[in-house]
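The values are calculated or read from the model by the stated rules, or taken from the named source; none is laboratory data. What you are looking at is a predicted structure, and each value in this text was computed from that prediction instead of being measured. Cβ atoms come from the backbone with ideal geometry, glycine included; neighbour counts cover every protein chain shown. The area values use the complete protein model at the heavy-atom level, side chains included, leaving out ligands, DNA and RNA. Shrake-Rupley method; radii C 1.70, N 1.55, O 1.52, S 1.80 Å.
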There are 2 protein chains.
Amino acid sequence: MTLTVVGSIAFDAVETPSGSRDRLLGGSAVHFALASSQFAPTRVVGPVGDDFGEQEYAILRNRGVLTDDVEHVPGGKTFFWAGRYHRDINHRDTLQTDLNVFEDFQPKLSPASRDAEVLFLGNIQPDLQRDVREQCRAVKFVAMDSMNLWIDIAHDALLETIALVDCLLLNDSELKQLTDEPNIVRAARKALELGPRVVIAKQGEYGSAMITRDGYFGLTAYPTTDIVEPTGAGDSFAGGLMGYVAGEDGNTDDATLRRAMAYGTACASFNVEGFGSERLYELDRAEIDARVAELEAISRF
Amino acid sequence: MTLTVVGSIAFDAVETPSGSRDRLLGGSAVHFALASSQFAPTRVVGPVGDDFGEQEYAILRNRGVLTDDVEHVPGGKTFFWAGRYHRDINHRDTLQTDLNVFEDFQPKLSPASRDAEVLFLGNIQPDLQRDVREQCRAVKFVAMDSMNLWIDIAHDALLETIALVDCLLLNDSELKQLTDEPNIVRAARKALELGPRVVIAKQGEYGSAMITRDGYFGLTAYPTTDIVEPTGAGDSFAGGLMGYVAGEDGNTDDATLRRAMAYGTACASFNVEGFGSERLYELDRAEIDARVAELEAISRF
């Protein structure tokens, strides 16, 4: 089943205690698509500038990502983010954010992208997310991400967008902030009242939880010790999850969504084991399957 | 199999956003024993003062807890702790700690307590824990708890005690502090090098993880929304866990320890649903079993 993702395409500069890189291919749509393309053909919608060249396209296309809807803005520069990770790699400081071509981005979807049956709205301004949502009329399952910034400065727009999706995917702390509720299960239940039928709380090193009107699923993180750089972990989690759903013909019953979360978890665990999404470039499906089998073994009792 | 616990016996005063109590039966050994006694006869070792009366003994004995080793210190006052919980109930401030009879506590175990085959060293000064450990010569499985205070002020004594136990049970943050390692899996592996063959990281609202030399198990928390007051959650977790092990004839293979953690999780979830350990007073085993079955269902994929 076809899958479309809208989100940022970026160059990232990162500093970590074990090394730094000044130009990594990044952005939510990129991390997502490098994971989701393992499972289903994925179309990326997002803008790039003149500095985005053949090398970057090649990385995406090598993984089968469909780049027809990557919009080149002549004279523009690609979105740029710089951050520094602490010794506890769960903490980071943003050093610089240059929106560049993202500042005037108006998503224009090709007919093929609009026909997507599975859609992921990466973390961008909620009005843009809604715009994309409304262009995709054939869609069967839509999920979205967001962040504390939009909860703060675009609250109403965010609520309007959340009302239009099937699945809301947020960090634990964002879910608590959105609903002003410190208990995560209560927070997720409140978020369900905003419209979605599935809420997934990303809990970083602790794993993730899925809350529906009549169900709950808690999944441990993959216990990797080889964390190099975690940028994009949440997006590759979403990519594995949504890719798996698209690969399963858009099935979103409870059992499929649980397994999809395991695939998301596996993809995220690979993502953090290298700078940027490098670890995903040459990954094969068998490696992901093996990690999902491991997850099953370490969470069974 | 017989189970002995040494730890604090206390009166607690707590304030929460939904109410307060000024005299709750508390302390690590109490929370532990009210859970563990569901599974195996449990002997409590710890001191109390003149203010500890028949009503308190009755609560313990009603649940089958063996109180022969509760040491009454004539003229003394029972350990007292007061704390205030925030709206986010995962955060609290300690308002008052009066050691009272605990100040000069020297554990004296009866022959029956010394014969315990399963032993839990609740969070007390590590030299006292070691003293108890050394008195119990027939023991087959020993676990211990500790806290940031002892990591700070009694580091060497703590390391000596850790070297003598089979299982170290700490909060996530304490494990990271003890080993000076921010990655939880690496921290647990470092802790294994100190002697124990099992390390269990308590992760509060996120669940728990067990790390052994060749294995890993991650377990979600029970998703309760009815958290009244969480004091003693970690001790009732330990009680369910160690009680289950004692009830299974001291078996500590991987499968038994995994199931023991599920029992610990279930006991902790009941503990937090009332003030103090009140929710454990009349709890029956069938309620615990039902919650373990639920845990199995919500963590399977």
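Filter the helices (runs of 4 or more DSSP H) completely within segment A:139-180 down to those with at least 2 residues that are of a type in the set (D, E, K, R). Step through it out loud before you land on a result.
Working: elements: A:148-153, A:155-162, A:172-179.
The qualifying helices (runs of 4 or more DSSP H) are A:155-162, A:172-179.
Residue check: is B:LYS77 open to solvent by 20 Å² or more (accessible area, probe 1.4 Å), farther than 26 Å from B:GLY243 by Cβ, basic (Lys, Arg) and part of a loop (DSSP other than H, G, I, E, B)? Considered against the rule, which asks whether it is open to solvent by 20 Å² or more (accessible area, probe 1.4 Å), farther than 26 Å from B:GLY243 by Cβ, basic (Lys, Arg) and part of a loop (DSSP other than H, G, I, E, B), B:LYS77 comes out as yes.
When residues of segment B:280-296 are filtered for being closer than 19 Å to A:ARG300 by Cα and hydrophobic (A, V, I, L, M, F, W, C), how many remain? Result for segment B:280-296: 5. A:GLN96 fulfils the conditions (1) modelled with pLDDT of 95 or more; (2) over 20 Å from A:LEU192 (Cα atoms); (3) outside any strand (DSSP E or B) except for a single criterion, (3).
Within segment B:156-164, is there a residue that is within 8 Å of chain A (Cβ to nearest Cβ) and among the β-branched types (Val, Ile, Thr)? Before the answer, list the steps.
Of the residues in segment B:156-164, the ones within 8 Å of chain A (Cβ to nearest Cβ) are none.
No, because not a single residue in segment B:156-164 is within 8 Å of chain A (Cβ to nearest Cβ) and among the β-branched types (Val, Ile, Thr).
Return yes when B:GLU71 is assigned to a strand (DSSP E or B) and closer than 19 Å to B:GLN125 by Cβ and no when it is not. Yes. Once segment B:51-63 is narrowed to residues that are open to solvent by 90 Å² or more (accessible area, probe 1.4 Å) and among the charged types (D, E, K, R), the residue that is nearest to B:GLY7 (Cα to Cα) is B:ARG61. Evaluate the following for A:THR224: is it within 17 Å of the chain's Cα centre (by Cα) and either farther than 24 Å from B:VAL185 by Cα or open to solvent by less than 20 Å² (accessible area, probe 1.4 Å) (or both)? Against the criterion (within 17 Å of the chain's Cα centre (by Cα) and either farther than 24 Å from B:VAL185 by Cα or open to solvent by less than 20 Å² (accessible area, probe 1.4 Å) (or both)), A:THR224 does not qualify.
Residues checked against (1) touching a residue at least 24 places away in the same chain (Cβ under 8 Å); (2) assigned to a helix (DSSP H, G or I):
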{"site": "B:LEU24", "(1), (2)": "yes, no"}
{"site": "B:PHE32", "(1), (2)": "yes, yes"}
{"site": "B:ARG61", "(1), (2)": "no, yes"}
{"site": "B:GLY64", "(1), (2)": "yes, no"}
{"site": "B:ALA82", "(1), (2)": "yes, no"}
{"site": "B:ILE89", "(1), (2)": "yes, no"}
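Among residues of segment B:179-193 that are touching a residue at least 24 places away in the same chain (Cβ under 8 Å), those with a beta-carbon under 6 Å from a residue that is open to solvent by 20 Å² or more (accessible area, probe 1.4 Å) at least six positions away or on a different chain give the pairs B:VAL185/A:PRO223; B:VAL185/A:THR225.
Do we find that A:GLY250 is at positive phi, touching a His at 6+ places or on another chain (Cβ under 9 Å) and in contact (Cβ under 8 Å) with a residue 12 or more places away in the chain in this structure?
Numbers: at positive phi: yes; touching a His at 6+ places or on another chain (Cβ under 9 Å): no; in contact (Cβ under 8 Å) with a residue 12 or more places away in the chain: yes.
Spelling it out, it is not the case that A:GLY250 is at positive phi, touching a His at 6+ places or on another chain (Cβ under 9 Å) and in contact (Cβ under 8 Å) with a residue 12 or more places away in the chain.
Number of residues in segment B:14-38 that are open to solvent by less than 20 Å² (accessible area, probe 1.4 Å), among the hydroxyl-bearing types (Ser, Thr, Tyr) and over 23 Å from B:VAL292 (Cα atoms) equals 1.
Of all residue pairs spaced 6 or more apart or on separate chains, those with beta-carbon atoms under 8 Å, a first member in segment A:277-300 that is within 14 Å of another protein chain (Cβ to nearest Cβ) and crowded, with 16+ Cβ neighbours inside 10 Å and a second member that is of a type in the set (A, V, I, L, M, F, W, C) and part of a helix (DSSP H, G or I) are A:ARG291/A:ALA266; A:ARG291/A:PHE270; A:VAL292/A:ALA262; A:VAL292/A:ALA266; A:LEU295/A:ALA262; A:LEU295/A:ALA266. Among the residues making up segment B:241-250, those that are surrounded by fewer than 24 Cβ atoms within 10 Å (Cβ to Cβ) and either under 18 Å from B:GLU294 (Cα atoms) or away from chain A (no Cβ under 14 Å) (or both) are B:GLY247, B:ASP249, B:GLY250. Scanning segment A:202-236 for residues that are among the small types (Gly, Ala, Ser) and more than 10 Å from chain B (Cβ to nearest Cβ) turns up A:GLY232, A:ALA233, A:GLY234, A:SER236.
Per the listing B:LEU192, B:LEU257, the residue uniquely more than 12 Å from chain A (Cβ to nearest Cβ) and either over 18 Å from B:GLY122 (Cα atoms) or open to solvent by 30 Å² or more (accessible area, probe 1.4 Å) (or both) is B:LEU192.
Across segment B:1-13, the number of residues qualifying as among the aliphatic types (A, V, I, L, M) and surrounded by fewer than 21 Cβ atoms within 10 Å (Cβ to Cβ) comes to 2.
Okay, residues lined up against (1) farther than 16 Å from A:THR97 by Cβ; (2) open to solvent by 50 Å² or more (accessible area, probe 1.4 Å):
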{"site": "A:PHE120", "(1), (2)": "yes, no"}
{"site": "A:ASN123", "(1), (2)": "no, no"}
{"site": "A:ARG133", "(1), (2)": "yes, yes"}
{"site": "A:ASP152", "(1), (2)": "no, yes"}
{"site": "A:ILE162", "(1), (2)": "yes, no"}
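Yes or no: segment A:105-116 includes at least one residue that is out of contact with any Asp or Glu (no Cβ under 7 Å at 6 or more places or on another chain) and buried (at least 24 other Cβ atoms within 10 Å of the Cβ). Yes, some residue in segment A:105-116 is out of contact with any Asp or Glu (no Cβ under 7 Å at 6 or more places or on another chain) and buried (at least 24 other Cβ atoms within 10 Å of the Cβ). Got at least one residue in segment A:167-177 being touching a helix residue (DSSP H, G or I) at 6+ places or on another chain (Cβ under 8 Å), surrounded by fewer than 22 Cβ atoms within 10 Å (Cβ to Cβ), touching a residue at least 40 places away in the same chain (Cβ under 8 Å) and within 14 Å of chain B (Cβ to nearest Cβ)? Yes, the conditions are met somewhere in segment A:167-177.
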